[in-house]
1. By count of other Cβ within 10 Å, fewest leading, how are L430, L297 ordered?
2. Please give the length that would be gained between K282 and V402 if that part of the chain were fully extended, namely 0.36 nm times their separation in residues minus their C-alpha to C-alpha distance (nm, one decimal).
3. Please identify the trypsin sites (Lys or Arg not before Pro) of the range 1-106 that satisfy two criteria: DSSP loop assignment and at most 16 other Cβ atoms within 10 Å. Which are they?
4. Counting DSSP beta bridges with both partners in the chain, what percentage is antiparallel, nearest 5?
5. Give me the Kirkwood hydrodynamic radius of the chain in Å, from all C-alpha pairs, to one decimal place?
6. Using mean Cβ contacts within 10 Å as the protection proxy, how do 52-58, 434-440, 228-234, 324-330 order, highest first?
7. With each run of n ≥ 4 DSSP H residues scored as -39500 (n - 2.57), what mean residue ellipticity at 222 nm is computed for the chain after dividing by its residue count and rounding to the nearest 500 deg cm²/dmol?
8. May I ask you to list the aspartates and glutamates whose Cα is less than 15 Å away from that of K452, ignoring any residue fewer than eight positions away on the same chain?
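Throughout, read-outs are computed from the coordinates displayed, never taken from laboratory work. Computed from a prediction, not measured in an experiment: that's the story for all the values here. Note that we place each Cβ from the backbone using ideal geometry, even for glycine, and neighbour counts take in every protein chain shown.
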Amino acid sequence: QLYSAELSITDTHNITEILENEFKGAYPEKILPTGELREFELVAKQGTWSIVPPYTTSVWTYNGTIPGPVIRIKLGDTLKLTLKNELSQPTTIHWHGVRVPNAMDGVPGVTQPPIQPGDSFTYQFTPKDAGTFWFHPHINAAEQIERGLHGVLIVEDPSEPVYSQDLVWVLDDWLFTNGGEIYSKFVTRHDLAHDGRWGNLLTVNGKYQPTVKVKAGERIRIRMINVANGRVFKPVFEQLSPAVIAVDGMLAKAPFALQQFFVAPGNRVDLDIIIPQTAAGKTFVLQDAFTRNNIDLAFIQVASAEPIATPSFKSPQAQHFPLWSDALKIPVEHEFTLDARRGGVYGISWMIDDKVWLEGKAYELQSGKFTRLRINNKSSRLHPMHLHGQFFKVIAKNRQKVEENFWRDTVLVGPKESVDIGIVPMDKGLWANHCHILEHAESGMMSTIMVK
Ligand code: C2O
Ligand code: CU
């Protein structure tokens, strides 16, 4: 508002053009497949998993493990994955953060019919971006993801530097009963009146407080993914100084220090960590500092052996990244309001623009056009808002300009907060737009965007 009143229509037009030009080359519109076909089979089924040995818990898994497989492919490879549904309820797979052809996006009622028990479905696509992604069901997700259905997709860029270790850390929390089983009431009124389902046991890669072994001098990459239904993590490493190199899969404009970084449900963050030469024999701890008391999540144990020479290379960073410093001069095109009302199947319904799941009309965006959108949280709860098929950049919070020099596919919107994003959509189709607190989404906080 501050600016737009002073601008004539032609001015706004020129600025839009500048913003769109700055965007060019930030990430590709198309990808040329190399012809390499990578085939995988996934079976979604019931099983058991030992989270806190020697106890076992009944879970639902992809191929028997939690998390499911970590699928690593190279940029340009074509992924062909067949999912067999051996659950007793329908499922689908959504490729979180991956720019897939719309029909491969895994959203029932929007891009595909649900995969019925006993049936299979084949997903095939060539990811357009390198980075850290994950996949999960998009139907009854509050139960299916909580019970253990999630996996990781890593798309490697051939030009990336070689770290001493490339680790994947899937962060999750579980709500257990005293008997060590998953509490089996889902989408409760309590969850809906709060920030979704928060558990009583936190895990990394499906294990309670695991230890990773490293050598002094090593340079490691940790790809952190929050797959929890509702819990937000604020990772802190005692005595290590990680640099964030990527957020939500995409390389940041430049690496930056990990401080006060909220990893909300759906978010990923890639860290570049040097284990000090002097650290032989030490143990470092990763803690979550989002809640009042810090919680230990995992340990990094440094061997007592001689340190190795630290690999030296420039941390990876985005080749082109728009600063969009004039983005706030463009008026807000649409304000998405977030709020709840009483009623609905679960007693409380969360809404976007006063509508529940698919009751509203898709909001239309023009591909290739810069658009400023506002997400306005009228409630007092958290909402990590996730847009399928597109990346966006946060340009303001509570109408104050912010500098986030990275793309996101999920942004945490705090109580009564408004977040402005800038976007140049490229991938056409009907895409889901929803809160990644799975209980909120399940009760209605899900709408669609049509990119034309
Ligand atoms: Cu990871 Cu529609 O979500
Ligand atoms: Cu929400």
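1. Least crowded to most crowded, the residues run L430, L297.
2. So the extension gain works out to 39.4 nm.
3. Loop-located and lightly packed - K24, K30.
4. 70
5. 22.6
6. 434-440, 228-234, 324-330, 52-58
7. -1500 deg cm²/dmol
8. List returned: E29, E364, D427.
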